[in-house]
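Single-structure report; data block below.
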Amino acid sequence: LLLAAQQVSLKKGMLINHSVSIANSTYLLDADTSLSVPLIVIEGKNIVVDFNQAILQGAAAINRPNLFHGLAILIKKGSSNIVLKNANIHGYKIAVMAEGVEQLSIENCNFSYNYRQQLHSNWQREDISDWMSFHHNENKEWLRYGAGIYLDHCNNASIQNNTITNGQCGLM
């Protein structure tokens, strides 16, 4: 006998520590300007978070992606066997960050239209400051470029059937 996951609405500062189904709606939630204060935290073991195609929208000024800020969802260190699925997250610096998570699965999500920097290059000249160097990310320097998904020391991660367009970085 399988029990349906509890259906909940998203709220700023929310902690998800058991399986839930998100009520299918559009949630306009502004994140903190610091990446160290996530909008929503997932923490624990054997958790399925099904967004049911709900939309989590950050910045209202979608025509200014270089001003998007904040971390929409953090999957905390020490968590394991986490499934995040069917989410639409837009308008943040980083849509989903996971640190030290074992057996993470992110599937069927759309993390398009998140942060991207205003480029200094133009059709007449290239500006070196627009380039990311793979030699310079030992101290998480690339966080400043934002991402749809940012994984740090996540073993056995499965990332499949996701869409990430119109952002600086897709998967880091």
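Summary of packing: across the peptides 154-160, 60-66, the per-residue average of other C-beta atoms within 10 Å ranks them, highest first, as 154-160, 60-66. Coupling constants for the range 160-168 follow from the phi torsions by the Karplus curve (6.51 cos²θ - 1.76 cosθ + 1.60, θ = phi - 60°), and in residue order they are 9, 6, 9, 10, 9, 10, 6, x, 5 Hz; glycine and proline get x. Just so you know, the Cα atoms of the chain work out to an Rg and Dmax of 16.2, 65 Å.
Close amide H pairs (under 5 Å, H built 1.01 Å from N) link Ser105 with Ile82, Val83, Leu84, Ser158, residues at least 5 positions away or on another chain. Using amide H atoms built in the peptide plane, which far-off residues or other-chain residues are under 5 Å from Ile55 H to H? The answer is Ser25, Thr26, Tyr27.
Counting heavy atoms of the protein chains alone, Glu102 has an accessible area of about 80 Å² for a 1.4 Å probe. Using C-alpha pairs below 8 Å separated by at least 6 residues, the relative contact order for the range 1-116 is 24 percent. Using R0 = 30 Å, the C-beta based FRET efficiency linking Leu67 and Gln160 works out to 0.45.
Annotation: Tyr27 carries an accessible surface of approximately 20 Å², with a 1.4 Å probe and no ligand, DNA or RNA atoms counted.
A 1.4 Å probe run over the chain, with the rest of the protein chains in place, finds 55 Å² accessible per residue.
How high is the relative contact order of the range 33-172, given as a whole-number percent (alpha carbon pairs under 8 Å, six or more residues apart)?
Numbers: 358 pairs, mean separation 34.7, N = 140.
Result for the range 33-172 is 25 percent.
Dipole size of the chain about its Cα centre, with +1 on Lys/Arg Cβ and -1 on Asp/Glu Cβ: approximately 320 debye, rounded to the nearest 20. Carbon-plus-sulfur accessible fraction, the range 8-122 (probe radius 1.4 Å, protein heavy atoms only): 50%. Each Lys or Arg adds one and each Asp or Glu takes one away; over the other residues whose Cβ falls under 9 Å from the Cβ of Cys154, this sums to -3. Amide H to amide H distances under 5 Å link Ile42 with Ile16, Leu74, Ile75, Lys76, where only residues 5 or more positions off or on other chains count and H is placed in the peptide plane.
The values are calculated or read from the model by the stated rules, or taken from the named source; none is laboratory data. Note that this is a predicted model, so its numbers are computed, not measured. FYI the Cβ positions are ideal-geometry reconstructions off the backbone, even for glycines, and counts take in every protein chain you see. Note: accessible area is taken over every heavy atom of the protein model, side chains too, but ligands, DNA and RNA are not part of it. Shrake-Rupley method; radii C 1.70, N 1.55, O 1.52, S 1.80 Å.
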